[in-house]
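The structure under discussion appears below in the form of structure tokens.
The values are calculated or read from the model by the stated rules, or taken from the named source; none is laboratory data. Since the model is a prediction, treat every value here as computed from it, not as a measurement. Virtual Cβ from ideal backbone geometry, glycine too; neighbours counted across all protein chains shown.
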Amino acid sequence: MGVYLKGFLIACRGIPATVAVSLIAIVIGAAFGLLLALCSQTKSKVLQVLSKVYIDIVRGTPMLVQALIMAYGIPWLLQSWGVGFKWDNFGGMVVPAVIVCGFNSAAYMSEVIRSGIQAIDKGQMEAARSLGMSHGMAMRLVIIPQAVRIILPAFANEFVTLIKETSVLGYVGVVEILRRGQLWNSSSFETFPAYIGVALAYMILTIPLSKAINGYERKMARKESAA
Amino acid sequence: MLNENKEVMLEVKNIFKNFGDLEVLKGVSTEVDKGEVISIIGASGSGKSTLLRCMNLLEEPTFGEVWIEGKLMTPVDPYLHYDVIKASNTYKKLIAGGMDELDAIMKIKQEDLLQEKSGKEGSEYKSLMDKIYKENHIDTNLGRRKMSMVFQQFNLFNNLTVLENIMLAPVETAKYNKVKDLNGEKAKIREQAFTLLKRIGLEDKADVYPSKLSGGQKQRIAIVRSLAMNPDVMLFDEPTSALDPEMIGEVLDLMKELAQAGMTMVIVTHEMGFAKEVSDRVLFVDEGYIKEEGTPEEVFDHPKDPRLQDFLSKVL
């Protein structure tokens, strides 16, 4: 039993890295996702196409491939152009990892945000505009606050997904939960306890979060039926 | 230009509106004078709501002009002003080519030859356009603050309390105008909001969210929210159509009160009795045109247009 506990504790040492990357990435994802969602709804055809192409590319490729391109491909390209670029000079391998996770989740977040905004009755925007507010003011003061309530569960689900997806970052040199387990496995050869420990470490992050989301959704459903 | 003596508040000129291939308005013109109450009646799909929504540009007219208090809300059209056309390089070239003045103007208008965006029209043309723009044009958002709208579906902001609903736009306007004593201004706006709520007997609902209100309460608060902008004109888009019958009275009573207080109002409505009672003028919209207009007596008691006679026989 002790060996399983050890495997779990070692995997847990990766939690700070996993959580930090996920948190920063979800912030980038939400901000850039909002921007993409707004772009896809503007009148500008150029912005619409750009956001669509971006979303298609990101959703059409695995995050591991994106991470490899960002972490190794881009430095290689820059070096072949004679630019002495190394991620280590810019804060280490965790930087491309955070960038990839953030901009990857932005593509998914933008769809969530877009559907949230579209779920708001058109009359809300019209009422705001008829009172002389600009489109931006109406979005900021009326539409987005209402959309946030709708998209909060999907947003949290995306965070859960992101936590699990960061497991690929071990391949680009970030020592997160999975990487901790792998390193311990390769020195101790306790393969089963190592990976069970990894699984448990992810579960103590994701399961409470999922439960909280379910609770929130039930609460909202009750509120709506009461209203 | 508007004739200032008549105190025209709102004027629409030659409004066309297409939705794709569907022509909803086919050239509608009318004026709304200060203090006048106008009802717009007509069957569903006749274009009456679209006409009202064109007045504050919630629908952008495909063609035509909307003037609010002598200022143009729709884009300034260089083709309307012959002196603008004459200042353009395109015109000068045609004249230099030996063309007659009027022919050149007509050719430019018909073939849409002015190229203001590509910057080919020269400095004289641009300064004239600028001048016309400065003298006549008003920003859509500023224009809308002079005329607020009340909707069929109330459209109270669901994320805000009743008081916040009323205060939001006036406070944001004060911020936009960079009022120096913003807190003092907010206190004033708050006081006004409470005065308005008292007027409709709903001051106890100030901190309640819209989902807890009845339809009649929502609509009266929506009216009060519009009033808080101190509008010069109020537009009503079928304000009682979504209400339970027992709540229609309270909303109509409030509107009558406004009309008696001298508010300029344009009302799209199915409430014929109400239209007859409060209106100074009634417009009958049908097939995208104003088919008939006149005093309530003329329109309701002595209709001339056969479509209006038919319509009235069905609704009265």
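Could you look through region B:199-222, keep only residues that are over 25 Å from residue B:235 (Cβ atoms) and in a helix (DSSP H, G or I), and pick out the one that is nearest to the other protein chains (Cβ to nearest Cβ)? I'd like the intermediate steps shown before the answer.
If we filter region B:199-222 for residues that are over 25 Å from residue B:235 (Cβ atoms), which is where we start, we get B:203-204, B:206-209, B:211-212.
So of that shortlist, the ones also in a helix (DSSP H, G or I) come out as B:203-204, B:211-212.
Values: B:203: 21, B:204: 19, B:211: 4, B:212: 7 Å.
Result: B:211.
Table: residues versus (1) part of a strand (DSSP E or B); (2) over 24 Å from the mean Cα position of the chain (by Cα); (3) not small (Gly, Ala, Ser).
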| site | (1), (2), (3) |
| --- | --- |
| B:52 | no, no, yes |
| B:58 | no, no, yes |
| B:61 | no, no, yes |
| B:85 | no, yes, yes |
| B:93 | no, yes, yes |
| B:98 | no, yes, no |
| B:103 | no, yes, yes |
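Yes or no, residue by residue, for (1) crowded, with 21+ Cβ neighbours inside 10 Å; (2) within 14 Å of another protein chain (Cβ to nearest Cβ):
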position: B:23; (1), (2): no, no
position: B:47; (1), (2): yes, no
position: B:53; (1), (2): yes, yes
position: B:70; (1), (2): no, no
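For every residue, the table says whether it meets (1) among the aromatic types (Phe, Trp, Tyr); (2) in a helix (DSSP H, G or I); (3) at pLDDT 90 or above.
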| residue | (1), (2), (3) |
| --- | --- |
| A:38 | no, yes, yes |
| A:43 | no, no, no |
| A:49 | no, yes, yes |
| A:52 | no, yes, yes |
| A:66 | no, yes, yes |
| A:88 | no, yes, no |
| A:116 | no, yes, yes |
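Residue-wise test of (1) in contact (Cβ under 8 Å) with a residue 24 or more places away in the chain; (2) within 14 Å of another protein chain (Cβ to nearest Cβ); (3) not hydrophobic (A, V, I, L, M, F, W, C).
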site	(1), (2), (3)
B:108	yes, no, no
B:111	no, no, yes
B:121	yes, no, yes
B:161	yes, yes, yes
B:170	yes, yes, yes
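Determine, yes or no, whether residue A:212 is at pLDDT below 95 and within 14 Å of another protein chain (Cβ to nearest Cβ). Lay out the reasoning, then the answer.
Numbers: at pLDDT below 95: yes; within 14 Å of another protein chain (Cβ to nearest Cβ): no.
The answer is no for residue A:212.
Quick test for you: out of A:199, A:156, A:147, A:127, pick the one residue that is more than 14 Å from chain B (Cβ to nearest Cβ), closer than 30 Å to residue A:41 by Cβ, out of contact with any Phe, Trp or Tyr (no Cβ under 6 Å at 6 or more places or on another chain) and not aromatic (Phe, Trp, Tyr). I'd like the intermediate steps shown before the answer.
Working: A:199 fails: closer than 30 Å to residue A:41 by Cβ; A:147 fails: more than 14 Å from chain B (Cβ to nearest Cβ); A:127 fails: more than 14 Å from chain B (Cβ to nearest Cβ).
The unique qualifying residue is A:156.
Say we look at region B:143-159 and pick out the residues that are facing chain A (nearest Cβ under 8 Å) and part of a strand (DSSP E or B); which of these is nearest to residue B:235 (Cα to Cα)?
Top of the filtered list is B:149.
Is it the case that some residue within region A:105-121 is within 14 Å of another protein chain (Cβ to nearest Cβ), out of contact with any helix residue (DSSP H, G or I) (no Cβ under 7 Å at 6 or more places or on another chain) and either within 30 Å of residue B:231 (Cβ to Cβ) or crowded, with 19+ Cβ neighbours inside 10 Å (or both)? Steps first, answer last, please.
Just the residues of region A:105-121 that are within 14 Å of another protein chain (Cβ to nearest Cβ), to begin with: A:116-117, A:119-121.
From what's left, out of contact with any helix residue (DSSP H, G or I) (no Cβ under 7 Å at 6 or more places or on another chain): A:121.
Next, from what is left, pick out any that are either within 30 Å of residue B:231 (Cβ to Cβ) or crowded, with 19+ Cβ neighbours inside 10 Å (or both): A:121.
Taking every residue of region A:105-121 in turn, at least one turns out to be within 14 Å of another protein chain (Cβ to nearest Cβ), out of contact with any helix residue (DSSP H, G or I) (no Cβ under 7 Å at 6 or more places or on another chain) and either within 30 Å of residue B:231 (Cβ to Cβ) or crowded, with 19+ Cβ neighbours inside 10 Å (or both).
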